[in-house]
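The values are calculated or read from the model by the stated rules, or taken from the named source; none is laboratory data. Note that the coordinates shown come from a computational prediction; the quantities given were computed from them, not determined experimentally. Backbone-built Cβ (ideal geometry, glycine too); neighbour counts: all protein chains shown. Please note that ligands, DNA and RNA were not included when accessible areas were found on the heavy atoms of the full protein model with its side chains. Shrake-Rupley method; radii C 1.70, N 1.55, O 1.52, S 1.80 Å.
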Amino acid sequence: MRLKHLEINGFKSFAKKTSLEFENNIISIVGPNGSGKSNVVEAFRFVLGEQSMKSMRGKGGIDMIFKGSKHIPKGSRASVSIYLDNSDKVFKLTNEAGEYVPLSFDTVSISREVYPDGVNKYILNNSEVRLRDIHQLLSSVNIGTGGHHIISQGEADRILNSSPKDLREIIQGALGLEVYQYRIKESVRKLERTGEN
Ligand code: ATP
């Protein structure tokens, strides 16, 4: 599994479609203060399904959309796509029976769009999916929502100083245990529904 490519369109300061290719294992993005380096990091968070707008320096979905400038009108949506190599077929989804199903695509693409009314769309290889599917897919390759995979400015401190509960979540994310947490939640929901019936 390898990050190949990121496409940002109308997200924050990226008014126009911008593509970043990740051809080497280590990539640096450099630029003057305020040029949008952190916006790139936030684009990663966004497309991976981040729900905390605060962690992307916004209050709502609308803050993710290009606000317009002197020469370019404001955007009608923000969209970010990430392309990951899946030639070794590591990405998996879980079917109704709870079994893992490997994704057959050689490249897995995940896109997220947000509209001014705050509605979000998640797209997996051209098919609209639920956020839950994205979470499940990512946890199959040990990318959790705990955030250990993206360490932003000042965040090493946050990890070192985090509470035992938060630390536990970070470690669980790194170990790929989140998929089991989802399954527990889902099973509890099913039991509740059965109880109601
Ligand atoms: P530093 O080196 O200071 O951390 P940086 O290169 O990481 O800066 P960012 O913080 O990513 O830069 O970018 C901030 C810029 O993005 C600001 O100029 C801000 O106005 C712009 N910006 C943020 N959200 C939007 C938006 N929705 N529409 C247009 N521009 C935006």
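A compact table of results
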{"read-out": "Answer residue from the range 67-81, given it is within 12 Å of the ligand (Cβ to nearest atom) and not charged (D, E, K, R) and is surrounded by the most Cβ atoms within 10 Å (Cβ to Cβ) among those", "value": "78"}
{"read-out": "Answer residue from the range 38-58, given it is in a loop (DSSP other than H, G, I, E, B) and within 11 Å of the ligand (Cβ to nearest atom) and is farthest from residue 121 (Cα to Cα) among those", "value": "57"}
{"read-out": "Scope the range 161-185; condition touching a strand residue (DSSP E or B) at 6+ places or on another chain (Cβ under 9 Å) and charged (D, E, K, R); matching residues", "value": "183"}
{"read-out": "Spans of strands (runs of 3 or more DSSP E) in the range 85-197 with at least 2 residues closer than 22 Å to residue 42 by Cβ and either touching an Asp or Glu at 6+ places or on another chain (Cβ under 9 Å) or touching a residue at least 12 places away in the same chain (Cβ under 8 Å) (or both)", "value": "107-114, 120-124"}
{"read-out": "Residue within the range 59-66 that is within 16 Å of the ligand (Cβ to nearest atom), in a strand (DSSP E or B) and over 28 Å from residue 106 (Cβ atoms) present", "value": "yes"}
{"read-out": "Residues (open to solvent by less than 80 Å² (accessible area, probe 1.4 Å), away from the ligand (no atom under 12 Å from the Cβ) and either of a type in the set (Phe, Trp, Tyr) or assigned to a loop (DSSP other than H, G, I, E, B) (or both)) located in the range 10-37", "value": "22, 27"}
{"read-out": "Cβ pairs under 6 Å, 6+ apart, first in the range 52-69 and farther than 17 Å from residue 112 by Cα, second within 11 Å of the ligand (Cβ to nearest atom) and among the charged types (D, E, K, R)", "value": "67/74; 68/74"}
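For (1) modelled with pLDDT of 85 or more; (2) exposed (fewer than 13 other Cβ atoms within 10 Å of the Cβ); (3) under 18 Å from the mean Cα position of the chain (by Cα), each residue gets a yes or a no:
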residue: 97; (1), (2), (3): no, yes, no
residue: 105; (1), (2), (3): yes, no, no
residue: 124; (1), (2), (3): yes, no, yes
residue: 132; (1), (2), (3): yes, no, yes
residue: 137; (1), (2), (3): yes, no, yes
residue: 147; (1), (2), (3): no, no, yes
residue: 166; (1), (2), (3): yes, no, no
